[in-house]
1. Hey, can you grab everything whose amide H is under 5 Å from the amide H of Ile109? Only 5+ residues off in sequence or another chain; H modelled, so Pro and N-termini drop out.
2. Taking θ as phi - 60°, what are the ³J(HN,Hα) couplings along the range 4-14 by the Karplus curve (6.51, -1.76, 1.60), each to the nearest whole Hz, with x for Gly and Pro?
3. For every other residue with a beta carbon closer than 15 angstrom to the beta carbon of Tyr65, add +1 if it is Lys or Arg and -1 if Asp or Glu, then tell me the sum.
4. With just the Cα atoms defining each centre, how far is the range 59-88 from the range 6-44? Give it in Å.
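FYI, it's all coordinate maths here, none of it is from the lab. Just so you know, these numbers come straight off a predicted model, no measurement behind them. Cβ atoms come from the backbone with ideal geometry, glycine included; neighbour counts cover every protein chain shown.
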Amino acid sequence: MQVDGDGQHPTNDIPRLLSALDNGVDLAIGSRFVQPTEYRPTFTRSLGIKIFSFLVSLIVGKKIYDTTSGFRAASRNAILLLTETYPHDYPEVEALITLHRNEMSFVEIPVEMNSRQAGRSSIGAQNAVYYMLKVTLAVFIAIIKRRQR
């Protein structure tokens, strides 16, 4: 399980994500956007999420709504692959491409996120452009990388 430490993720939904793994999925994403919810990101965060959603959806051939969610459950095989390739910063989007390139499956599970309870986002106004450029470049590099297996 991956659960960000800011209090946003509904831990009561963990069994739903784990259930997807029991059904053969390699990664279950707790998605804020696959169904309408009360969660409202800032304009810049929303723009970034939409851009990455578009890119990843185009690459994987199916609509992915929440590419940046930090609420995820991964299978043993996904963990083994990602331990070899997991980026050290802003890894969520790139990890989806890596899983896809290695023929692993992922699914979004609708969840209702809480308001941030603690801390600040690591993506602020000062580094938003860096984040967008870094992750976009990482996506394109992940596309051309050789499969890991």
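1. HN-HN under 5 Å from Ile109: Ile29, Gly30, Ser31.
2. 4, x, 9, x, 6, 7, x, 4, 5, 8, 3
3. Overall, the nearby charge balance is +3.
4. Taking the Cα centre of the range 6-44 as reference, the centre of the range 59-88 is 13 Å away.
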